Amino acid sequence: MDTLAFPARVELARLPTPLQPLDRITEKYSTPFDGPRIWVKRDDLTEAAMSGNKLRKLEFIAGAALERGCDTLITCGGLQSNHCRTTALVGARLGLNVHLILRGEHSGEMDGNLLLDRLAGAKVSFYPQRQYFREQQEIFAHWEKVYADHGHKALLIPTGASDGLGIWGYLAGSQELLQDCHRAGFRPEYVVCATGSGGTQAGLTLGFHLAGAATVVEGYAVCDDEQYFIRKVHEDVAAWSADGGHGFDEKTLNVSVNADYIGPGYAVADEPVYRTIAEAASLEGLVLDPVYTGKAFHGLLQELGRGRYRDCDNLVFVHTGGHYGLFPHRAHFAFLE
Ligand SMILES: *Cc1c(COP(=O)(O)O)cnc(C)c1O
């Protein structure tokens, strides 16, 4: 691991983020089932408005953009994409143009992440869901050409910045987390995160593997299915290996995905998820989001109750951010009144 040469990186995140125990959650949801002490890695604190897991990936993406002489970032995501919001702010911070390809119909309302995209000065184009998925490559190529015709050079960033470059973010993140745990006096047996485009899980899984740690990374899917993410994590690691000539066989990685808590679909949650979000906030002061972290954390609590982690002493939940995505879901919290 020491011999890995990290590529160009722009320091944007405030690192290391804190590692904190969640002792009231542990007492209520884990101890009665002989489960582990639950910890949280606060990657919701990587910055302020840029916060979340995407910032770790974008440190390396931005590094590549500057190295390649790009002055424009083009990326894509849902209307409330945390990744797009982070990219918009990173672009503004570095003086780069940002163009966002967003999935869905724009109602005209600016809320949550979309408001921040706009404040950051990003250009935004909306595409209906079907066209977005069917023509994504063409849409990227179109905007790349539009910018090129105006003398700009764009870097195209895939969904969630999950590719062979973005993976470096959580390769570095896994090293940081191992140090945090070492300092706190334990080895993490399980690390749990929400999985949406796979890059966070890919970086963590690869990082712990290369460090020789016995840590199992378990991704709780928020969309798609188990097979999809096993393939996606392997693809991202294969791309990483090919890009850097690491000669790493991605098939040697054990990829663990739990797809039982997706609920009705991406960005759609049932009431128990909203109740878990409220409980984490009131018990621990930990604010989760309904699209990613709330769903994954809710799934984790259910699995603890089923004895899934009975063999384990310490489990770390990675809080990947997403706070701004909470606000457009305000109507689902009527039960608090
Ligand atoms: C994007 C995102 C995730 C998922 O990370 P991937 O690397 O895309 O799998 C999890 N939580 C939040 C808050 C996110 O924005």
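The values are calculated or read from the model by the stated rules, or taken from the named source; none is laboratory data. Everything quoted here is computed from the prediction, not taken from an experiment. Because the Cβ atoms are built from the backbone with ideal geometry, glycine has one as well, and the counts that use them run over all protein chains shown. Ligands, DNA and RNA are excluded from the accessible area calculation, which covers all protein heavy atoms including side chains. Shrake-Rupley method; radii C 1.70, N 1.55, O 1.52, S 1.80 Å.
Observations, loosely collected:
- Of all accessible heavy-atom area on the chain, the percent that carbon and sulfur account for (1.4 Å): 49
- J(HN,Hα) series, the range 255-272, from Karplus relation 6.51 cos²θ - 1.76 cosθ + 1.60, nearest Hz, glycine and proline x: 10, 10, 10, 10, 10, 8, 10, 5, x, x, x, 4, 6, 10, 10, 8, 4, x
- Lysine pair count for the chain [Cα-Cα under 20 Å; pairs on different chains or 8 or more apart]: 13
- With 0.36 nm allotted per residue and the present C-alpha distance subtracted, the Glu337-Glu226 stretch has 36.3 nm of extension available.
- For the range 54-160, the spherically averaged projection of the C-alpha convex hull amounts to 6.1 nm².
- The Cα center of the range 202-239 and the Cα center of the range 9-29 differ in position by 20 Å.
- Neighbour cut-off at most 11 other Cβ (10 Å), DSSP loop, GluC sites (Glu not before Pro), the range 99-173: Glu105, Glu109
- Cβ-based charge dipole, the range 54-160, positive-most Cα from His152, Leu115, Leu94: Leu94
- Charged side chains reduced to their Cβ positions (Lys and Arg at +1, Asp and Glu at -1) give the chain a dipole of some 380 debye around its Cα centre.
- When you restrict to C-alpha pairs under 8 Å that are six or more residues apart and normalise by the size of the chain, the relative contact order lands at 22 percent.
- Between Ala214 and Leu119, the FRET efficiency estimated from the beta carbon spacing at R0 = 41 angstrom works out to 0.40.
- Per residue solvent-accessible surface (Å²) - the chain, probe of 1.4 Å: 43
- Inter-label distance, nm, simple model (7 Å from Cα along the C-beta direction), Ala184/Gln129: 3.8
- For Thr205, neighbours were defined as the other residues whose beta-carbon sits under 11 Å from its Cβ, and their charges (Lys and Arg +1, Asp and Glu -1) total -3.
- Using the Karplus relation 6.51 cos²θ - 1.76 cosθ + 1.60 with θ = phi - 60°, the per-residue 3J(HN,Hα) values for the range 93-101 come to 4, 9, x, 9, 5, 10, 10, 10, 9 Hz, with x marking Gly and Pro.
- Relative contact order of the range 54-160: 35 percent, from C-alpha pairs under 8 Å at least 6 residues apart in sequence.
- Accessible-area order (highest first, 1.4 angstrom probe) of the listed residues His329, His142, His246: His142, His246, His329
- Per-selection Rg to Rh, the chain - Cα, Kirkwood hydrodynamic radius: 0.95
- Residues with amide H under 5 Å from that of Trp39, placed H, sequence gap 5 or more: Leu22, Leu315, Val316, Phe317
- Full extension of the chain segment joining Ala8 with Tyr266 gains 89.6 nm, where the gain is 0.36 nm per residue of separation less the Cα-Cα distance.
- A Förster radius of 56 Å, combined with the Cβ-Cβ distance separating Asp311 from Lys153, puts the computed FRET efficiency at roughly 0.60.
- Between Met110 and Asp23, the modelled labels are 4.5 nm apart [label points 7 Å from Cα along Cα→Cβ].
- Heavy-atom accessible area order for Tyr170, Tyr324, Tyr127, largest first, 1.4 Å probe: Tyr324, Tyr127, Tyr170
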